[in-house]
Amino acid sequence: MFLLAAGILLAGYLAWRLLVATDAKRITRIMERARQGVVRRDLNTVMANVDPSYRDDFGHDYAKLYRWFEYLFHDNDSIVCTFSRLRTVVEHQDATCSLLVTGAGYGRSGRGSESDDGFPLYSEELVVYLHKYDTGWRIVSASQ
């Protein structure tokens, strides 16, 4: 009887670890798609996993964030964006993803060119907050 109970507990623990790891991997893929969207200057890809109720510590709601990226993509012919030190913590239906984001823009408005280091757009630690809905993980907020 004891071995049966121990086996059930072990199986439950392993299943829980597998699900949490899967969620962390899904979040990593979401963040990578968003990064690729920034590099391609693809507004739809960047905003695909942003929740309509999004509000961040920078004063953006969904509409302001959309307009900010729209301006960013209009004002730069090309963008380089890297994520490093990505760390994701999943707790039930919520997750926190912390990472170092570095980006540079090249092109318009005389701000940088393909022959120099570009105009530094951002180089900061960023914390992204996500919530898991029935349809999947959505970005609900961000802070530094």
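The values are calculated or read from the model by the stated rules, or taken from the named source; none is laboratory data. No experiment lies behind these values; they were computed from the predicted model shown. Glycine also receives a Cβ, built like all others from the backbone with ideal geometry; neighbour counts cover every protein chain displayed.
What are the pairs, 6+ residues apart or on separate chains, where a residue within region 58-78 that is among the acidic types (Asp, Glu) has its Cβ under 7 Å from a residue that is modelled with pLDDT of 95 or more and part of a helix (DSSP H, G or I)?
Here the result reads 70/43, each pair linking region 58-78 to a residue that is modelled with pLDDT of 95 or more and part of a helix (DSSP H, G or I).
Among the residues of region 82-99, write down those that are of a type outside the set (A, V, I, L, M) and within 12 Å of the chain's Cα centre (by Cα). I'd like the intermediate steps shown before the answer.
We begin by selecting, within region 82-99, every residue of a type outside the set (A, V, I, L, M); these are 82-85, 87-88, 91-94, 96-98.
Answer for region 82-99, where residues must be of a type outside the set (A, V, I, L, M) and within 12 Å of the chain's Cα centre (by Cα): 82, 83, 84, 87, 88, 96, 97, 98.
Condition check ((1) within 21 Å of residue 134 (Cα to Cα); (2) surrounded by 15 or more Cβ atoms within 10 Å (Cβ to Cβ); (3) not aromatic (Phe, Trp, Tyr)) across all residues:
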residue: 37; (1), (2), (3): no, yes, yes
residue: 56; (1), (2), (3): no, yes, yes
residue: 63; (1), (2), (3): no, no, yes
residue: 106; (1), (2), (3): no, yes, no
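Checking the conditions here, which among 43, 72, 86, 121 is surrounded by fewer than 19 Cβ atoms within 10 Å (Cβ to Cβ), at pLDDT below 90 and of a type in the set (A, V, I, L, M)?
72
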